[in-house]
């Protein structure tokens, strides 16, 4: 209070409260023993529509007690909306901004909640008053969300009212207005003067229905005299030249004699507000210094070592160079004269950081212009990662940034993604499965971007190299990297198209490790009909009847009746052999049969070339069919041949089978199967022999007497 009197602000401050009371914004109440009181102080902004403004601190708290803001839900983070709003602000030829007069004070607070918004005031005559707010308070953390939802609700009602006769606005105006608000600021762009006039007229009319005064209109080329600047979402906009720059009010250089601490570095780094990312190479420098201090575990207010202090002061003295960085507000899109529009996304990484940058390439009247749309740089994690993994993390934020840009542009465009890491491109475009770290990021990149559009660019031609390494403000100004790489101004045929050298060792190092388990199931098979009968002949006839049925259905004019023919039985038998080989071998290159000179015959059956290859009487001896003796169907074939040949022994049965087949491990399987043959076991078993019993006593005596 004494400071206000010393500065002569008491009367002006008191006048604000008197106006608020007369307008019903606040109300005077009796001082009682309950309620929450908000501290407040004046904020001076000479030249503004509101020169002096009371600001209430809802974050103030007593010891061991929560503040009002801690007891309220904040709502979503509205700062995240700024990049999208700026992108739509740059899309069309005419940029336009406005704001709502006393927006927060147009929304009433429920009477039961007003006692939490009390405050004290003592006027110049030392009279004490207790006021409470009847409207939403600027300084409460939920106020921006309440204002945004109120405007959104009002615009939805306007949208429903568009078809009525008394509506002075169009549906297009309401849709554009719905996507243009950030708290109480309206930021958008329009293609021509006619649509601008319609938008201004319709917006004022629509917002007036909710008692919102949309005022302070500024648009491109609106100033006929000097080129003045207006604030736009934390940046400065020169309306006459139609360019955007960094806001110089957001950072002030620290004094030379002040100690450099971790707190000071963080404070100055956060004061450079750049939602587009044009200063990303420069703002990376203090982040790297903070990471170095974090590794050393230096306290917040302890002076840093001389090396870090010198590096920080060199960066700090170069900050005024950022004010010279100007980018066009209009990115030359949204016009009928555009012949070709393409979005180019670059990503890169170093051992310290990874970054991405998005450019818009516009061909118009045989002229090519490049505009920076967005850029991001991030410090590499303290846990050391390989360069390919950091490159993949850069590609991931590149895909996310492209998604944000693509969702906010209404024009049709082609997209290209450039990376100087051939390993990352292979990970993205290959259909193999990778390890968890690579697999999660590759899946996200494939979901957000077309994998076939990822191209290789040499590191020297990659503009994302600068924000991945960092530079001083002066180096940034001299590089003019926001204008894009020089080769992008050339025809598409002259763009980099060299085939990169792929490091197979790096790629193979991220392949997913798999545990291969082989299970041999002799009871169940995918081909159930092969194990339906225990007799091989019955299985062949079953397949033959199935083929007969299929042929009769397919060719009703050639229906076959009667018993199965020899050709049908041969076809069924060949089909069974092919199924057995499919289940037993991968192909003719299978390591179990590769040494037998295998080949496919005309029916697709795998055979081998025997030593009697030159005989001409039959193919069975010359080219026997290769079968695995372990297969259940082959076991049935062996047992049936054994019974048909009158239970011949192992060697004889093997000789008979080799007239047509070459059984892998045949002798061992035949021996084990013959042991299970009941008839063979009965006839080959040894006879039962019993030792003769001793003679009775009488017979022994008679035999002794005869002797």
> On the given criteria, is residue 660 surrounded by 15 or more Cβ atoms within 10 Å (Cβ to Cβ) and closer than 20 Å to residue 585 by Cβ?
Replying inline: yes
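Restricting the search to region 663-686, which residues are part of a helix (DSSP H, G or I), within 27 Å of residue 592 (Cα to Cα) and without any contact (Cβ under 8 Å) to a residue 40 or more places away in the chain? Can you show your working first?
To start, the set of residues in region 663-686 that are part of a helix (DSSP H, G or I) comprises 666-674, 678-684.
When the remaining residues are screened for being within 27 Å of residue 592 (Cα to Cα), the result is 666-674.
Selection gives 666, 667, 668, 671, 672, 673, 674.
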> What are the residues in region 19-31 that are within 11 Å of residue 131 (Cβ to Cβ) and either in a helix (DSSP H, G or I) or in contact with a helix residue (DSSP H, G or I) (Cβ under 9 Å, 6 or more places away or on another chain) (or both), if any?
Replying inline: 20, 21, 25, 26, 27, 28, 29
> Condition test on residue 298, is it at negative phi and without any contact (Cβ under 8 Å) to a residue 40 or more places away in the chain?
Replying inline: yes
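Would you check which residues across region 454-464 are assigned to a helix (DSSP H, G or I) and surrounded by 15 or more Cβ atoms within 10 Å (Cβ to Cβ) and list them?
Within region 454-464, the first condition is being assigned to a helix (DSSP H, G or I), and the residues that meet it are 459-461.
Matches in region 454-464: 461 only.
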> Out of all the residues in region 558-577, which are surrounded by fewer than 15 Cβ atoms within 10 Å (Cβ to Cβ) and at negative phi?
Replying inline: 558, 559, 560, 561, 563, 565, 566, 567, 570
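In this structure, does residue 444 turn out to be at pLDDT below 95 and either under 20 Å from the mean Cα position of the chain (by Cα) or in a strand (DSSP E or B) (or both)? Break it down into steps so the answer makes sense when it comes.
Working: at pLDDT below 95: no; either under 20 Å from the mean Cα position of the chain (by Cα) or in a strand (DSSP E or B) (or both): yes.
No.
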> Among the candidates 376, 403, which residue alone is modelled with pLDDT of 95 or more and over 17 Å from residue 283 (Cβ atoms)?
Replying inline: 403
>> Just to be sure before I move on: is residue 283 closer than 22 Å to residue 470 by Cβ and surrounded by 12 or more Cβ atoms within 10 Å (Cβ to Cβ) in the structure I sent?
In response: yes
> So, in region 465-484, of the ones that are in contact with a strand residue (DSSP E or B) (Cβ under 8 Å, 6 or more places away or on another chain) and not in a helix (DSSP H, G or I), which residue ends up nearest to residue 311 (Cα to Cα)?
Replying inline: 470
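So, residue 488, is that one surrounded by 17 or more Cβ atoms within 10 Å (Cβ to Cβ), under 18 Å from residue 413 (Cα atoms) and in contact (Cβ under 8 Å) with a residue 12 or more places away in the chain or not?
Values: surrounded by 17 or more Cβ atoms within 10 Å (Cβ to Cβ): yes; under 18 Å from residue 413 (Cα atoms): yes; in contact (Cβ under 8 Å) with a residue 12 or more places away in the chain: yes.
Yes: the conditions hold for residue 488.
So is residue 599 under 53 Å from the mean Cα position of the chain (by Cα) and in a helix (DSSP H, G or I) or not?
Working: under 53 Å from the mean Cα position of the chain (by Cα): yes; in a helix (DSSP H, G or I): no.
Considered against the rule, which asks whether it is under 53 Å from the mean Cα position of the chain (by Cα) and in a helix (DSSP H, G or I), residue 599 comes out as no.
Regarding region 525-541, can at least one residue be identified that is more than 30 Å from residue 571 (Cα to Cα), out of contact with any strand residue (DSSP E or B) (no Cβ under 8 Å at 6 or more places or on another chain), surrounded by 15 or more Cβ atoms within 10 Å (Cβ to Cβ) and modelled with pLDDT of 85 or more?
Taking region 525-541 as the starting set, the residues that turn out to be more than 30 Å from residue 571 (Cα to Cα) are none.
No, region 525-541 contains no residue that is more than 30 Å from residue 571 (Cα to Cα), out of contact with any strand residue (DSSP E or B) (no Cβ under 8 Å at 6 or more places or on another chain), surrounded by 15 or more Cβ atoms within 10 Å (Cβ to Cβ) and modelled with pLDDT of 85 or more.
Is it the case that region 172-185 has a residue that's assigned to a strand (DSSP E or B), surrounded by fewer than 13 Cβ atoms within 10 Å (Cβ to Cβ) and in contact with a strand residue (DSSP E or B) (Cβ under 8 Å, 6 or more places away or on another chain)?
Keep residues of region 172-185 that are assigned to a strand (DSSP E or B), which gives 181-182, 185.
Cutting the leftovers down to surrounded by fewer than 13 Cβ atoms within 10 Å (Cβ to Cβ) gives us none.
Within region 172-185, not a single residue is assigned to a strand (DSSP E or B), surrounded by fewer than 13 Cβ atoms within 10 Å (Cβ to Cβ) and in contact with a strand residue (DSSP E or B) (Cβ under 8 Å, 6 or more places away or on another chain).
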> residue 373 passes all but one of (1) buried (at least 21 other Cβ atoms within 10 Å of the Cβ); (2) out of contact with any strand residue (DSSP E or B) (no Cβ under 9 Å at 6 or more places or on another chain); which number fails?
Replying inline: (2)
> Counting residues that are modelled with pLDDT of 90 or more and more than 36 Å from the chain's Cα centre (by Cα), which strands (runs of 3 or more DSSP E) fully inside region 85-156 reach at least 3?
Replying inline: 118-122, 128-133
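If I filter region 222-230 for residues that are in contact with a helix residue (DSSP H, G or I) (Cβ under 8 Å, 6 or more places away or on another chain) and surrounded by 16 or more Cβ atoms within 10 Å (Cβ to Cβ), do I get at least one hit?
Pass one, region 222-230, residues in contact with a helix residue (DSSP H, G or I) (Cβ under 8 Å, 6 or more places away or on another chain): none.
No, the conditions are met nowhere in region 222-230.
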> Say we look at region 300-343 and pick out the residues that are farther than 22 Å from residue 477 by Cα and touching a helix residue (DSSP H, G or I) at 6+ places or on another chain (Cβ under 7 Å); which of these is surrounded by the most Cβ atoms within 10 Å (Cβ to Cβ)?
Replying inline: 304
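The values are calculated or read from the model by the stated rules, or taken from the named source; none is laboratory data. Computed from a prediction, not measured in an experiment: that's the story for all the values here. Counting neighbours? That spans all protein chains shown, and the Cβs are built from the backbone with ideal geometry, glycine included.
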